[in-house]
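The values are calculated or read from the model by the stated rules, or taken from the named source; none is laboratory data. Given the structure is predicted, the values throughout are model-derived calculations rather than measurements. Heads up, the Cβs are rebuilt from the backbone with ideal geometry, glycines too, and the neighbour counts pull from every protein chain shown. SASA here: full protein model, heavy atoms, side chains in, ligands and nucleic acids out. Shrake-Rupley method; radii C 1.70, N 1.55, O 1.52, S 1.80 Å.
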Amino acid sequence: MAGQSEMLVYREHPQNRGKQIACAVVAATLAMLGADRAYAQAGIGVQQNATVTGTIGSNKGDPGTGAVACPSGQIMTGIYHRDKGVGGTSSTVGMSAQVGIYCSTVATDGNTVTLTQTTSNGTPGASTSSYNFALAPQSAYCNTNLVGRSFFGTERNTSNAPWTSSIGLNCAAITVSAGTNWFDVPGPDSQSITAGTIETPLNHVNRGPFCGTAANPLVTGLFAQAGGEGWDGLNVYCGRLIQARHSAIMTFSDFAWDKTLSATGWRVDLRRGSTLLVSGTMTGSQRIPYAAAANNGQGYNSASEVYVVPNSGYGAIVSGRPSAFAGGAYDNAYVTTGSCVTGITLTDRQDSSCTLNVDGRPDLTPTVVSPPQTYTVYGQTQPVTITVSNLGPGATVAGDQFRVRATIPTNWVASNLPTGCTQAANIVTCSVGALNAAASPGATGGTQSYTFNVAPASPAATGTFNMPVEVDPSIPNGDSDSANNDYNAANNTTNGTLVLALNATLRLSKTWVNANVGDTAQLSATSSTTPSATLTTTASTPSESLFGSAVQAPLGAQFNLSETLGASNVGRYNASAWSCNGGTVNGAVLTIAPGDSGRLVTCSITNTRQGADVRVTKTTSTPTVRSGQNIVWTITAVNAGPDAANNTVLQDTPGAGMDCSVTPPPTCTATGGATCPSNITAQTLASGVTIPTFPNGGQVVVTLTCRATASGL
């Protein structure tokens, strides 16, 4: 029956009319409905006695009938009755076919009382069931803010036993005591109401009034005695108001944010178990907690308290916070402990508070400063800095065992780990020590940073890689205190960035073609931002390909390619255009391309030795002659270099119609270091004569006289 307001109803079988039931059973039934009844809501309750205090009609001690009482926290303020219809049966008229009561909630501002009927007129808050042939209902109500102080009625007298025929209620005002604000009904009665019909000339007897005494100032309920055709009797329960006041005391520990207790600050919902305390306009919602027990005076404070029926399990939960952190993001920023969580017991006229402690939690979030530059070679080390910050209202201590960890990409290595950091496989884990709480929502409290080196190792792939950093989720609660867990997992991870774009390797290549041994050339690749490459080569064979030392060539770097021949070789060699197996070449400018990452780029040039350039001309000053006349020819041989053409053979064979065996014989002059052939005649010139010395710039001029003959034409 605990917490219930159901009506127990027993319908007596006609063959059992008049039988008596053991008093012990009756007492047990009434006790179940009396002082031990459980209540579960806000308001003022009534204390029911363990035994009946009066009877209207027959008191058969019937155990199967039921109590008619208001629900928890409500008080009787009206009555309901239906008569048995005349002529409904051959033997019974003028008895009660159904009875009920009207109930009201109680609300107060500490000075005045407001009673609010819980059901509409004509619908009782609690009632018996109805016998057959019941007439139209009759209802009577106490005036505004009056309650039922005493109960009376009439019984119809018969030859066998009296039956209940009508009911009545005397009403009085509830008063509030000054100073303590407890409710009482001291009387006197100020209104009397009845419901039912007294038939004449039948004999009816008045019973009551019952209750309304100093010890039992209220009517708290009825107990209906069932009959064969109507309710044989009514027992009356008397009692007094039972009441307590419930509130909460809020304290804070390890909580750095706003602790204001007010209508716009911290607030609570007062509850019993999981149920909000509400009675009419009186509610436990959004009450202002006290800062300490001393703040709870003896009077009623509507901003902080609510009236309740004495019972166990009264507690409170946080229902409002200062606006700066009232959003859902901070719902888990703290935990609550205390008797408001477990529940307290309130006795009659006890004004007491449960305790609710707000314990702040930390909110750890990591940030990472990635290496400042792109990695360009394996083994290149750069620093990574991880910082852990506390954004929560609660601080951390070393014993909380928080950790932060960074996951290094495959084939990357970490080094120079600071104190408190360890590495297992590719994970670096650092312990988090004491971090002060943030001063307010959105602020940053204590921080702790860790700097170590990270480097790529062969064969790490090129590209951009994430380095995840997170507050270690494997130990959300390193110790046994759940109050200091990280409350916000949404900001527990971040990413660093590692970029590997390996340099290209640049080499210079030189190819000699028809070179003279000992000829030299110098190749260069110069850059204003990166190391330059230089190659000096010496021709040891007529054709040779040589490479210089390799240099690092960052992606995007530009090199100016050039060649300088030895002083004695200038003008003696032709140079090809520069050719590279990577990058892009524009004339003599090489740009290392993104696709050259990690490649060997070779740029080549070819030098081909030019040799000598001997040019021969043959002219005459008399191109037209008659047959038999002489014609003088001038043969000129010039070496345009760059090399000497020593032992060059000069040959001139006469054409048809020319006889060159005439006198004078050929003559020769040499300049520019050249020498004329020896024993030069028309006959030797026709077969070829040798110029012994013919340097670059040398010239040999031979004059030859011939006779024109018509027979040779």
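The set of residues in region 205-216 that are modelled with pLDDT of 90 or more and not hydrophobic (A, V, I, L, M, F, W, C) comprises Asn206, Arg207, Gly208, Pro209, Gly212, Thr213. Per this entry, Thr451 is not counted among residues that are exposed (fewer than 14 other Cβ atoms within 10 Å of the Cβ) and either free of Cβ contacts under 8 Å to residues at least 24 places away in the same chain or in contact with a strand residue (DSSP E or B) (Cβ under 6 Å, 6 or more places away or on another chain) (or both). Read through the list (1) assigned to a strand (DSSP E or B); (2) under 26 Å from Ser627 (Cα atoms), then give the number of the only condition that Leu685 fails. If we test Leu685 against (1) assigned to a strand (DSSP E or B); (2) under 26 Å from Ser627 (Cα atoms), just (1) comes out false. Would it be correct to say that Ala434 is surrounded by fewer than 15 Cβ atoms within 10 Å (Cβ to Cβ) and free of Cβ contacts under 8 Å to residues at least 60 places away in the same chain? Yes. The strands (runs of 3 or more DSSP E) falling completely within region 187-256 that include 3 or more residues that are open to solvent by 10 Å² or more (accessible area, probe 1.4 Å) and closer than 16 Å to Ala172 by Cα map to 191-196.
With a requirement of 3 or more residues that are open to solvent by 40 Å² or more (accessible area, probe 1.4 Å) and at pLDDT 90 or above, the strands (runs of 3 or more DSSP E) lying completely within region 566-607 that satisfy it span 584-586. Please verify whether region 488-502 includes one or more residues that are modelled with pLDDT of 85 or more, part of a loop (DSSP other than H, G, I, E, B), closer than 30 Å to Arg403 by Cβ and within 48 Å of the chain's Cα centre (by Cα). Yes, region 488-502 contains at least one residue that is modelled with pLDDT of 85 or more, part of a loop (DSSP other than H, G, I, E, B), closer than 30 Å to Arg403 by Cβ and within 48 Å of the chain's Cα centre (by Cα). Just one of the listed residues (Ser661, Ser687, Ser711) is in contact with a helix residue (DSSP H, G or I) (Cβ under 9 Å, 6 or more places away or on another chain) and either modelled with pLDDT under 90 or open to solvent by 60 Å² or more (accessible area, probe 1.4 Å) (or both), namely Ser661. Just one of the listed residues (Gly338, Gly299, Gly273, Gly280) is open to solvent by less than 40 Å² (accessible area, probe 1.4 Å) and touching a strand residue (DSSP E or B) at 6+ places or on another chain (Cβ under 6 Å), namely Gly338.
Residue-by-condition table, conditions (1) under 60 Å from the mean Cα position of the chain (by Cα); (2) at pLDDT 90 or above; (3) on the phi < 0 side of the Ramachandran plot:
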| position | (1), (2), (3) |
| --- | --- |
| Gln138 | no, yes, yes |
| Val147 | yes, yes, yes |
| Leu169 | no, yes, yes |
| Ile174 | yes, yes, yes |
| Ala178 | yes, no, yes |
| Thr194 | no, yes, yes |
| Ile198 | no, no, yes |
| Leu218 | yes, yes, yes |
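Restricting attention to region 257-270, the residues being open to solvent by less than 50 Å² (accessible area, probe 1.4 Å), farther than 30 Å from Cys103 by Cα and in contact (Cβ under 8 Å) with a residue 60 or more places away in the chain number 2. Checking Ser177, Ser127 one by one, the residue that is surrounded by fewer than 21 Cβ atoms within 10 Å (Cβ to Cβ) and out of contact with any Pro (no Cβ under 6 Å at 6 or more places or on another chain) is Ser177 and no other. Within the option set Asp348, Asp359, Asp331, Asp363, being surrounded by fewer than 16 Cβ atoms within 10 Å (Cβ to Cβ) and under 31 Å from the mean Cα position of the chain (by Cα) holds for one residue only, Asp331.
Among the residues examined, Arg321 qualifies as basic (Lys, Arg), closer than 18 Å to Arg267 by Cα and under 23 Å from the mean Cα position of the chain (by Cα). Out of all the residues in region 634-647, is one or more surrounded by fewer than 12 Cβ atoms within 10 Å (Cβ to Cβ), among the aliphatic types (A, V, I, L, M) and over 30 Å from Val570 (Cβ atoms)? Within region 634-647, not a single residue is surrounded by fewer than 12 Cβ atoms within 10 Å (Cβ to Cβ), among the aliphatic types (A, V, I, L, M) and over 30 Å from Val570 (Cβ atoms).
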